[in-house]
Amino acid sequence: MSIDTTWLRCPNCFLPLEAVDARVLGCGAGHRFDLSKHGFVTLLPPKAPTTKGDDRGMLAARSSLLDGGAYAPIAAAIADVAAAVPPSASGAPLRIADLGCGTGYYSATLARAVPGAAFLLADRSPDAVRMSLRALPGATGVVLDLWRPLPIRDGVVDVALNVFAPRNGVEFARVLRPNGRLVVVVPAAEHLHELRRSGALLDVPPGKADRVAEQLGESGFELKSKTSIEYALETDAATRSLLAGMGPSAHHAASLSPVTGSNDDLIGVTIAVDLLVFARSPWSPA
Ligand SMILES: C[S@@+](CC[C@H](N)C(=O)[O-])C[C@H]1O[C@@H](n2cnc3c(N)ncnc32)[C@H](O)[C@@H]1O
């Protein structure tokens, strides 16, 4: 089995999970979890909400756009941060957890920048975990809910990656090792503003990065750096549809204007995000 259980704890009782046999994980209290035929495991707590994460259409849109290199500068900036994180005191390979991994695009880029690193690919959407494991077959894939206590052991993550995904500061602080890094990417107010102006996307409230830094500060994180990444992406109508279809606005498509225009109609669209790097501060609750 390709699951590395040293990442994992039971979502019910929080005891460590171990392999019971080739297809089943279990904890000392007798809770059991089957591996899917694709090699990932679903570790949802009792009474998990029915949210499903991104659907196949959103994932397909994101995959087409990302594989075409539209967000390559963001991936490169993340890879630079991860490559500079010092190894743990044990000298073991870097352990990177992609929390809200989507298609796995950013982790696949990191795997090239940090050879030998071990990856945990985690998302609420089983389709996302399956797709990201295709991008990174040696990784451990887990379906989980980022809003709940995570089925990840204390202090086993060297680098936590959270790109355009929900954040659970208290749990991120618990799973990160001391001196580890939390890398967060959030959209800036200008992000895709040409599409917002035409009513095709939801607004990004201004000051999002500052609010995220404040919230994570309350969970024991210290902001080490903030980098703004901004560039113009030349888009045809098909690319603009992918941009609209891959993000949270896709959940509200009925109340938003469709993207119009032909593929000869090239428009520069602003990509503007903030890349925040946090360390666990000494007074972290974890
Ligand atoms: C906008 S996408 C970003 C995906 C990826 N990080 C990227 O940038 O390509 C947000 C991701 O968070 C996942 N997600 C949403 N709610 C979640 C939850 N409660 N727990 C875990 N993942 C969740 C979605 O399924 C989706 O893959």
* Amide H partners (placed H, <5 Å) of R95, local residues excluded -> A118, D158, V159
* Asked: Do the sum for the chain: with -39,500 (n - 2.57) for every DSSP H run of n ≥ 4, divided by all residues, what is the mean residue ellipticity at 222 nm, to the nearest 500 deg cm²/dmol?
  -> -7500 deg cm²/dmol
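Efficiency by 1/(1 + (r/R0)^6): what FRET value for C13 and Q215, r their Cβ-Cβ distance, R0 = 41 Å, to the nearest 0.05? Mind dumping the intermediate values first?
Values: r = 29 Å, r/R0 = 0.70.
Approximately 0.90, to the nearest 0.05.
What is the diffusion coefficient of the stretch 20-150 in µm²/s, taking the Kirkwood radius over Cα pairs and the Stokes-Einstein relation at 37 °C with a viscosity of 0.692 mPa s? Can you show the working numbers first?
Values: Rh = 15.8 Å.
In µm²/s, the coefficient rounds to 208.
So for the chain, averaging the separation of alpha carbon pairs under 8 Å that are six or more residues apart and normalising by length, what relative contact order in percent results?
Working: 592 pairs, mean separation 52.1, N = 286.
Contact order relative to length: 18 percent.
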* With each label point set 7 Å from Cα along the Cα-Cβ vector, what nm distance links S36 and A84? -> 3.6
* If one computes the Cα centroid of the stretch 25-81 and of the stretch 173-201, what distance in Å separates the two points? -> 17
* Structure fact -> Going from the fewest other Cβ atoms within 10 Å to the most, one would list R177, R112, R134 as R112, R134, R177
* **Amide H partners (placed H, <5 Å) of L17, local residues excluded** => L8, R9, C10
* Asked: For the chain, with the dipole built from +1 on Lys and Arg beta-carbon atoms and -1 on Asp and Glu ones, taken about the Cα centre, which of F278, V163, V24 lies farthest toward the positive end?
  -> V24
* Just name one of Y106, L133, P151: the one whose Cα is farthest towards the positive end of the charge dipole of the stretch 71-156 (beta-carbon charges, Lys/Arg +1, Asp/Glu -1). => L133
* Structure fact -> So, with points 7 Å from each Cα along the Cβ direction, the K208-I267 label distance in nm works out to 1.9
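Quick check of the Kirkwood formula: for the stretch 93-188, what is the inverse mean of 1/r over all pairs of different Cα atoms, in Å?
Numbers: mean 1/r = 0.0767 Å⁻¹.
Taking the inverse mean of 1/r over all distinct Cα pairs, the stretch 93-188 comes out at 13.0 Å.
Taking neighbour counts of Cβ atoms within 10 Å as a proxy for exposure, in what order, fewest first, do S88, S219 appear?
Details: S88 17, S219 21.
Listing S88, S219 from fewest to most nearby Cβ atoms yields S88, S219.
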* Structure fact -> So the angle from the long Cα axis of helix 72-83 to the longest Cα principal axis of the chain, reported in degrees to the nearest 10, equals 30
* If you project the alpha carbons of the stretch 5-280 onto the principal axes, what extent comes out on each, in Å, largest first? -> 59, 37, 33
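Could you work out how much longer the chain between V20 and A237 gets when fully extended? Use 0.36 nm per residue separation minus the Cα distance between them, nm to one decimal.
Numbers: separation 217, 0.36 × 217 = 78.12 nm, distance 5.08 nm.
Between V20 and A237, full extension yields 73.0 nm more.
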* Selected from D127, D264, D98 as most flexible by GNM, with the chain as the system and alpha-carbon contacts under 10 Å -> D264
* Sites A77 and A29 - FRET efficiency at Förster radius 30 Å, r taken between beta-carbons, to 0.05 -> 0.10
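Computed from the coordinates by the stated procedures, all read-outs in this text should not be read as laboratory data. What you see is a predicted model, and the numbers here were worked out from it, not measured in a lab. Using ideal geometry, Cβ is built from the backbone for each residue, glycine included, and neighbour counts are taken over all protein chains shown.
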